[in-house]
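Below you'll find the structure, written out as structure tokens, and then a few comments.
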Amino acid sequence: MDRVRSWAREELNLPAAVAESFADSLHEEEITGEGLLRLETEELRMLGLTKLGHLKTVTAAIEGLSTGSSPSSSASENAAAAAAAADAERRRVHETLAAAEREHAESIKTLGLVGYLVNTLGVAGCLAWILAVGVCVWVFLKSAADPVPHKDDKANQ
């Protein structure tokens, strides 16, 4: 029973009170090593494990026992692999963004203002922008060519 208590405290890293209670429950219910490997989550709850974190830890440790791997080494290996994968993904995203920024800067240099507008606004947006500028120029030229007569101008005629 001491081996079960030390396993629950040291390998599973359960709080001392939870480890003691769990070990006592295993002893009272006469659960052996083979029986431990077959315990389901609901049965672990009946043995006094009520916290989800404790249930997940014990379940993973039991699975580790059945496959022959140590739960602590398996967890640290999984954490290291997850950290390496996350770091690789972060580098990949960073490199992709940097390449997109370089490509965008090159396209602006190469295409000039019109190319930049087409690239950012799209063809329809660029045509709408050109149309709006054209209308403004037309209104300006029209008003310069046909000024509105003032009442003083009518009196002189």
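The modelled label-to-label distance for the pair LEU37/SER6, using points 7 Å beyond Cα in the direction of Cβ, is 2.2 nm.
The fewest-to-most ranking of THR41, THR32 by surrounding Cβ atoms within 10 Å reads THR32, THR41.
Note: relative contact order over the stretch 2-69, using C-alpha pairs below 8 Å and six or more positions apart, is 30 percent. Think of the stretch 2-69 as a dipole: +1 on every Lys or Arg Cβ, -1 on every Asp or Glu Cβ, centred on the Cα centre; then among ALA23, ALA61, MET46, ALA61 lies furthest on the positive end.
The numbers here are math on the coordinates, done by the rules we state, and not lab data. Nothing here was measured: the structure is a model prediction, and the numbers come from that model. Backbone-built Cβ (ideal geometry, glycine too); neighbour counts: all protein chains shown.
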